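The values are calculated or read from the model by the stated rules, or taken from the named source; none is laboratory data. Only a predicted model underlies this, so the values are computations on that prediction, with no experimental measurement involved. Here the Cβ is made from the backbone with ideal geometry for all residues, glycine too, and neighbour counts use every protein chain on show.
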Amino acid sequence: MPSPTEREEGLTIIIPALNEEEAIESIIQRCLAAREPIQQQTGLPRVDIIVVDDGSTDATYPKALRYAPEIRVLKHERNLGYGAAIKHGFQESQTTLAGFLDADGTCDPLFFIPLCQKQKEGDYDVVLGSRMGPGSQMPAVRRLGNLFYSLLLGLLAQQRITDTASGMRVVKTASLSKIEPLPDGLHYTPAMTSRVLFHPGLTLAEVPMPYAERIGQSKLRVIKDGVRFLRIILEMALIYRPLPFFGTAALVLFALCGIYAPGLIRDALVLEIIPDDRIYRMLSLITFFVGGLMLLSVGFLGQKISLYLHNCQSKFLTLYNRILSSLPPLGLAAILAGLLINLAPLREYLSMGKIQHSWIYIAAGALLVLAGLQMLTMGALNFVIDLVIRLRGNDSQDRTRNNAVKARK
């Protein structure tokens with residue numbers, strides 16, 4: 001792949017194609033016809049066209065070759081995947097911008113004009129054409145699925161998005177190193193959208209575009225590819241935003257604690273007796289509280305690791321460190337409180353061989369001890385993470401100094 005300094009100002013249109021013999025010539029002709037208008041209306045001096053045949057078994061490749069050398073035609077000997085075809089096109093592009101659109105005729109190549117204009121306007125890393133606007137001919141099932149994924153991704157990434165899997169977009173080639181790695185399959189586009197939205201150093205914009213029904217049979221499998229889309233969105237959420245992901249689950253468990261706890265507290269303070277059948281409520285309360293604490297701790301640790309890995313000095317990083325560093329003393333205090341609560345029952349057991357105190361003391365002590373152990377464990381993991389980060393930082397500084405010494409010699 002050419003370096004950013006070696007690329008010329010312009011746009012490369014990439015057309016991934018798999019068994020598109022019915023539509024390939026039409027989309028190539030439309031791209032060739034759109035080349036001059038794109039140059040005139042965007043000011044880009046160069047527009048290249050690359051067709052990537054992804055192991056077609058029909059006449060797609062020979063039909064595309066008819067338009068060489070006006071366009072470049074690349075061929076995979078076997079099917080590597082939709083994303084792999086686009087990435088191959090990116091590697092061969094020689095311009096500052098690279099766009100792609102499907103070979104099935106659903107998107108108008110002239111729409112690269114507003115996409116490039118939008119990219120230039122805000123220097124966005126990715127600009128995609130949203131197919132969810134009025135007049136879209138997207139089938140109802142896919143439209144509903146896209147709406148679900150857009151709402152989910154928008155909620156997790158905390159940014160509004162209307163089309164997660166648009167097959168027409170423009171990418172700033174200098175940003176490709178930040179966007180990669182991405183999968184090779186049909187879930188390439190939602191993976192790109194997810195990574196850009198979650199990545200703190202990347203930006204994305206949408207432009208509503210017309211969308212027509214495709215020529216030929218779609219390669220998309222609603223259930224199989226829908227599961228892949230969902231998995232990739234959740235993976236990106238775990239990589240970049242683990243705290244909201246785990247924190248939301250923790251809040252649900254804490255809310256259940258809030259439902260279960262008042263009855264136990266009332267029985268202990270007002271009735272001064274705890275019915276034996278309430279032990280099941282207490283066990284549930286222990287499970288919910290310790291589980292919620294564990295998920296919340298994992299969320300904080302994961303978010304801290306994510307910020308370090310992506311070199312993001314978030315204003316919340318100091319807060320995360322303070323919270324995590326406070327866990328060991330809080331854990332010790334919780335364990336001590338749990339032992340103190342059970343001190344009297346323990347004396348009874350040692351002196352009389354039985355416990356006359358209510359089981360609520362044993363259960364409350366167990367809750368505190370388990371919570372304390374959880375906090376101590378997370379505090380220890382936080383210490384190990386900080387130690388690894390410091391060691392890596394020292395190694396990096398040592399390598400920099402050694403390289404500087406070698407350069408002077």
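Structural remarks
Okay, residues lined up against (1) touching an Asp or Glu at 6+ places or on another chain (Cβ under 8 Å); (2) at pLDDT below 75:
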residue	(1), (2)
218	yes, yes
265	no, yes
301	no, no
305	no, no
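- Members of the stretch 110-128 that are surrounded by fewer than 17 Cβ atoms within 10 Å (Cβ to Cβ) and touching a residue at least 12 places away in the same chain (Cβ under 8 Å): 110, 117, 120, 122, 123
- Among (1) over 21 Å from residue 375 (Cβ atoms); (2) modelled with pLDDT of 80 or more, the one test that residue 277 misses: (2)
- Selection count where residues are under 19 Å from residue 186 (Cα atoms) and among the hydroxyl-bearing types (Ser, Thr, Tyr), scope the stretch 9-59: 2
- Elements of type strands (runs of 3 or more DSSP E) in the stretch 1-95, at least 1 residues being in contact (Cβ under 8 Å) with a residue 60 or more places away in the chain, β-branched (Val, Ile, Thr) and within 16 Å of residue 167 (Cα to Cα): 8-17
Condition check ((1) among the polar types (S, T, N, Q); (2) more than 11 Å from residue 28 (Cβ to Cβ)) across all residues:
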| site | (1), (2) |
| --- | --- |
| 57 | yes, yes |
| 67 | no, no |
| 70 | no, no |
| 75 | no, yes |
| 81 | no, yes |
| 85 | no, yes |
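- Set 337, 407, 364: member being in a helix (DSSP H, G or I), out of contact with any strand residue (DSSP E or B) (no Cβ under 7 Å at 6 or more places or on another chain) and either modelled with pLDDT of 85 or more or aromatic (Phe, Trp, Tyr) (or both): 337
- Only one of 310, 357 that is modelled with pLDDT under 80, over 23 Å from residue 253 (Cα atoms) and in contact with an Asp or Glu (Cβ under 7 Å, 6 or more places away or on another chain): 357
- Top-ranked residue of the stretch 24-49 - restricted to ones that are in contact with a Gly (Cβ under 9 Å, 6 or more places away or on another chain) and buried (at least 22 other Cβ atoms within 10 Å of the Cβ), ranked as farthest from residue 113 (Cα to Cα): 27
- Some residue of the stretch 179-199 being outside any loop (DSSP other than H, G, I, E, B) and either surrounded by fewer than 20 Cβ atoms within 10 Å (Cβ to Cβ) or at pLDDT below 80 (or both): yes
- Members of the stretch 105-134 that are charged (D, E, K, R) and touching a Pro at 6+ places or on another chain (Cβ under 7 Å): 108
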